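**Q** To start, I am sharing the structure in question, which I have written as structure tokens.
The values are calculated or read from the model by the stated rules, or taken from the named source; none is laboratory data. It should be emphasised that the depicted structure is a prediction, and the values quoted were computed from it without experimental measurement. Cβ placement follows ideal geometry from the backbone for every residue including glycine, while neighbour counts extend to all protein chains displayed. Accessible surface areas use protein heavy atoms only, side chains included; no ligands, DNA or RNA. Shrake-Rupley method; radii C 1.70, N 1.55, O 1.52, S 1.80 Å.
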Amino acid sequence: MLTLLFLGRLEDVAGEESVALDMAAPATLAEIAERLKPELAVAICAPEVRVALNGELVEQAALRAANGNELAFLPPVSGG
Amino acid sequence: MRTVRLAFEAFDPHEELRRFSQGREEAGGIVSFTGQVRAEAGDPVEALELRHFGPLTLPGMENLAMRAEARWPLLGVLVIHRVGVMVPGDPIVLVACAARHRRDSFQAADFLMDHLKSKAWFWKREKTADGWAWIEPRSVDHEDLSRWADVP
């Protein structure tokens with residue numbers, strides 16, 4: 001399964017901390033977003049949201065992820 | 001000496017500082033900053049929660065401490081940051097910098113705090129009578145950062 005993690009306010013949009021998708025072939029961010037409810041799809045594709053693939057930051061446009069991967073969606077931080 | 005860690009439970013800044021100062025006799029000055037959950041008159045905030053992202057948060061804090069060490073001649077750096085649920089008065093963050101001369105300690109501690117507030121991977125939410133709500137970034141935090149544009 002492909003695990004999606006939602007940090008900060010994205011957790012409220014998702015309604016949960018994580019979602020597991022069956023994604024057999026490597027998918028782009030747009031393809032992953034299509035599988036989610038519309039407001040969550042819009043929220044994770046926002047330009048200010050950073051994405052970490054298996055714990056490493058990646059560019060949204062270059063992103064490909066499939067089963068066995070973890071994608072974390074990181075909205076702007078709100079400080080310490 | 002560099003100590004950077006996340007605290008998953010309450011910590012005692014005084015005890016941490018006492019330990020940090022030990023064996024640091026060559027330091028002419030140790031500057032420390034303790035951030036705590038603020039209570040304001042009439043404040044409806046009952047609790048504050050800080051979340052982090054394991055793979056990035058601590059490595060980012062360590063990298064920040066290394067930048068401070070590369071920029072100022074420090075004899076020691078201490079960074080402790082809470083995660084989890086806190087109430088007003090609880091310590092959130094402790095930063096301490098030891099150096100031969102005080103100005104380096106002041107500047108390094110200031111640099112560390114400005115970056116922890118605006119760049120470190122933490123998300124904060126507050127609990128009021130209406131429930132939990134995430135706190136959005138403040139532009140003043142990013143203005144604070146611009147003070148350090150010359151630090152590689």
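**Q** At 0.890 mPa s and 25 °C, plugging the Kirkwood radius over alpha-carbon pairs of chain B into Stokes-Einstein gives what diffusion coefficient in µm²/s?
**A** It diffuses with D of about 152 µm²/s by this estimate.
**Q** If you take the charge dipole of the protein assembly as shown about its Cα centre, with +1 on Lys and Arg Cβ and -1 on Asp and Glu Cβ, which of A:LEU10, B:LEU17, B:PRO73 is farthest toward its positive end?
**A** B:PRO73
**Q** Show me you know the interface measure: the accessible area buried between B and A, both chains summed, probe 1.4 Å, in Å² to the nearest 100.
**A** Roughly 1800 Å².
**Q** Then there's this: Taking 8 Å as the Cα distance limit and 6 or more residues as the minimum spacing, I'd like the relative contact order of chain B as a percentage.
**A** With pairs under 8 Å counted, the relative contact order is 33 percent.
**Q** Turning to a different aspect of this structure: For region B:1-103, which GluC sites (Glu not before Pro) are in a loop by DSSP, counting at most 14 other Cβ atoms within 10 Å?
**A** Counting only loop positions with at most 14 other Cβ atoms within 10 Å, the GluC sites (Glu not before Pro) in region B:1-103 are B:GLU9, B:GLU25, B:GLU26, B:GLU40, B:GLU46.
**Q** Which of the trypsin sites (Lys or Arg not before Pro) found in region B:1-69 are loop residues per DSSP with 16 or fewer other Cβ atoms within 10 Å of their Cβ?
**A** Taking region B:1-69 and a limit of 16 other Cβ atoms within 10 Å, the loop trypsin sites (Lys or Arg not before Pro) found are B:ARG24, B:ARG38.
**Q** With +1 assigned to the C-beta of every Lys and Arg and -1 to the C-beta of every Asp and Glu, and no other charges, what is the dipole magnitude of the protein assembly as shown about the Cα centre in debye, to the nearest 20?
**A** In debye, rounded to 20, the protein assembly as shown gives about 740.
**Q** Follow-up question, since we're still on this one. Rounded to whole Å, give me the distance from the Cα center of region B:41-88 to that of region A:21-80.
**A** Value for the Cα centre distance between the two parts: 25 Å.
**Q** Would you mind telling me the share, in percent, of accessible area of chain B contributed by carbon and sulfur at probe 1.4 angstrom?
**A** Answer for chain B: carbon and sulfur cover 50 percent of the accessible area.
**Q** In addition: When the Debye formula is applied to the Cα atoms of chain A, each taken as the same point scatterer, what base-10 log of I(q)/I(0) results at q = 0.12, 0.19, 0.22, 0.23 Å⁻¹?
**A** -0.28, -0.73, -1.01, -1.11
**Q** Whats the longest run of chain A with zero GluC sites (Glu not before Pro) that are DSSP loop and have at most 12 other Cβ atoms within 10 Å?
**A** The segment A:60-80 is the longest one with no such site.
**Q** Moving on. Along the positive direction of the dipole of the protein assembly as shown (beta-carbon charges: Lys, Arg +1; Asp, Glu -1; about the Cα centre), which of A:GLY55, B:GLY60, A:LEU29 reaches farthest?
**A** Projecting each Cα onto the dipole axis, the largest value belongs to B:GLY60.
**Q** Can you tell me the dipole magnitude for region B:2-145 around its Cα centre, using point charges on the Cβ only (Lys, Arg +1; Asp, Glu -1), in Debye to the nearest 20?
**A** Magnitude of the dipole: close to 500 debye.
**Q** For the peptides B:29-37, B:142-150, B:108-116, B:88-96, what is the packing order when you average, over each peptide's residues, the other Cβ atoms within 10 Å and list the highest mean first?
**A** Put in order of decreasing packing, that is B:108-116, B:88-96, B:29-37, B:142-150.
**Q** Just for the Cα atoms in the protein assembly as shown, what are the lengths along the principal axes, largest first, rounded to whole Å?
**A** 60, 42, 30
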